[in-house]
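Peer 1: Below is one structure. I have some questions about it.
The values are calculated or read from the model by the stated rules, or taken from the named source; none is laboratory data. What you see is a predicted model, and the numbers here were worked out from it, not measured in a lab. Don't worry about glycine lacking a Cβ; one is built from the backbone with ideal geometry, like all the others, and counts go over all protein chains shown. The area values use the complete protein model at the heavy-atom level, side chains included, leaving out ligands, DNA and RNA. Shrake-Rupley method; radii C 1.70, N 1.55, O 1.52, S 1.80 Å.
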Amino acid sequence: MTKAFAVPLIDLAAETAAVRPELDAAIASVLDRGWFILGDAVARFEEQFAQFCGARYAVGVASGLAALELSLRACDVGPGDEVVTAANTFMGTVLAILHVGATPVLVDPHPESFNVDVAAVEAAITRRTRAILPVHLYGQPAEMDALRSLADRHGLRVIEDACQAHGAAYAGQSVGTFGAAGCFSFYPTKNLGALGDGGAVVTDDPVVRDRLVSLRNYGEARKNVIATAGYNERLDTLQAAILSAKLPRLTAWNNARARHAALYDALLADAPIARPAALGKRTHVWHLYVIRAPRRDELAAFLSQRGIITGIHYPLPVHRHPMFADSPLAAQRFPVAERLSGEILSLPLFPTLCREQIEHVAACVNEFFGVSPKPAEPAAVESAAAT
Ligand SMILES: *Cc1c(COP(=O)(O)O)cnc(C)c1O
């Protein structure tokens, strides 16, 4: 029997402790300044985040959902328009499409990458399609060269849901910069997380940028003059200062996630599970380490008894949510998304995870499947970690 000790799914207290002095200083500077809405701290973070992504502009908003909704509006997506997105995404992606009055058109994922299947996206395009909304799910970029050329051929906007993929890249280019707008969330558990809600949109298009700046602030054209029915969806000044303090750690944290994923890969090589595929051309930032496992629910319970917390991202494919009970979506079939939702399991993965914790998790997974524990070849771990 393996040694039992608790492994949480994520550990935000440890991540916060690692950067605590910088956070305390950032918070103190905002309190001292006494300016709590927009202002310098937001502008400074926007500049830093745009630079991090290799984009011309970033606009800070209140959440990932706000980033998506405001981006769709800034790109003139609205009633009568169809937006093609992933059937296995987080519901926030789909809610944003519904909130602007457009119609979500779902497509099945590729069973290995968990990202949208490009052929399925092409098949879903109609004369009403206005935009493609790819999701870089779990931190792995969607196939952006194929999606980009598909969008160009059909005259469609591309709006990326990069809420799980800060720092991920496709063929060396940062996600979020392939289309009209790239949407990020700074929900605390994301690769870059605030101490509360936050989000941002990156774009190279000055028109989209100006519209976002207006839409997040009631639709103001200038102070007290409203040009369009906007929102109160600004990034908090305090959260912007906190994000500026954490951003310099992001690359090291993403690298730590990749090392942990490589160690899981090596230790779980003999288990009868499908491990996540890190496909060519893609820099995966491992927001989540998602396996496909037979007897998934039994495995999760077995791990839970040993103090290991796991997650399911997500237990329901989009079209199976009760909110669609009376919608034509409920009658549609997405066989890959439906099968995945019953097989996927997210193992603990966060930057401060230690080797003993990963070994404990892997040993328990192997024990569940009756696989004899085999220490990873150091060489295999090294080479996997290098990719
Ligand atoms: C987290 C997330 C969102 C929503 O972000 P919030 O900041 O929680 O509103 C949208 N899409 C995906 C894929 C996400 O993971």
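Peer 1: Before we move on, is V158 touching a Phe, Trp or Tyr at 6+ places or on another chain (Cβ under 8 Å), within 12 Å of the ligand (Cβ to nearest atom) and either without any contact (Cβ under 8 Å) to a residue 40 or more places away in the chain or closer than 15 Å to F90 by Cβ (or both)?
Peer 2: No; evaluated as a whole, the condition is false for this residue.
Peer 1: Please enumerate the residues belonging to region 23-49 that are of a type in the set (D, E) and closer than 28 Å to L212 by Cβ.
Peer 2: D40, E46, E47, listed by residue number.
Peer 1: Here's a follow-up. Tally the residues that are open to solvent by less than 50 Å² (accessible area, probe 1.4 Å) and charged (D, E, K, R), restricting the search to region 209-231.
Peer 2: 2
Peer 1: Please work out which residue is farthest from the ligand (Cβ to nearest atom), limiting yourself to region 94-103 and to residues that are in contact with a strand residue (DSSP E or B) (Cβ under 7 Å, 6 or more places away or on another chain) and of a type outside the set (S, T, N, Q).
Peer 2: Result: A102.
Peer 1: Then there's this: Does region 18-29 contain at least one residue that is touching a strand residue (DSSP E or B) at 6+ places or on another chain (Cβ under 6 Å) and either farther than 22 Å from T189 by Cβ or part of a loop (DSSP other than H, G, I, E, B) (or both)?
Peer 2: Scanning region 18-29, I find no residue that is touching a strand residue (DSSP E or B) at 6+ places or on another chain (Cβ under 6 Å) and either farther than 22 Å from T189 by Cβ or part of a loop (DSSP other than H, G, I, E, B) (or both), so the answer is no.
Peer 1: Now for a different question. Mind checking which pairs have a first residue in region 29-40 that is open to solvent by 60 Å² or more (accessible area, probe 1.4 Å) and a second that is among the charged types (D, E, K, R), Cβ under 7 Å, 6 or more apart or different chains?
Peer 2: I37/R234
Peer 1: Please work out which residue is farthest from the ligand (Cβ to nearest atom), limiting yourself to region 161-194 and to residues that are buried (at least 24 other Cβ atoms within 10 Å of the Cβ), of a type in the set (A, V, I, L, M, F, W, C) and in a strand (DSSP E or B).
Peer 2: Checking each candidate, the answer is A181.
Peer 1: Can you find a residue that is surrounded by fewer than 19 Cβ atoms within 10 Å (Cβ to Cβ), within 15 Å of the ligand (Cβ to nearest atom) and at negative phi anywhere in region 115-124?
Peer 2: no
Peer 1: Which one is most open to solvent (accessible area, probe 1.4 Å), of the residues in region 52-93 that are within 9 Å of the ligand (Cβ to nearest atom) and part of a helix (DSSP H, G or I)?
Peer 2: L65
Peer 1: For A87, only one of the following conditions fails: (1) within 17 Å of the chain's Cα centre (by Cα); (2) closer than 19 Å to K190 by Cα. What is its number?
Peer 2: For A87, the failing item is (2).
Peer 1: Return the residues of region 1-17 that are touching a strand residue (DSSP E or B) at 6+ places or on another chain (Cβ under 9 Å) and surrounded by 13 or more Cβ atoms within 10 Å (Cβ to Cβ); say none if nothing qualifies.
Peer 2: Result: V7, P8, L9, I10.
Peer 1: Here is a follow-up. Give region 195-217 a look and list any residue that's away from the ligand (no atom under 16 Å from the Cβ), in contact with a Ser or Thr (Cβ under 9 Å, 6 or more places away or on another chain) and assigned to a loop (DSSP other than H, G, I, E, B), or say none.
Peer 2: Selection gives D204 alone.
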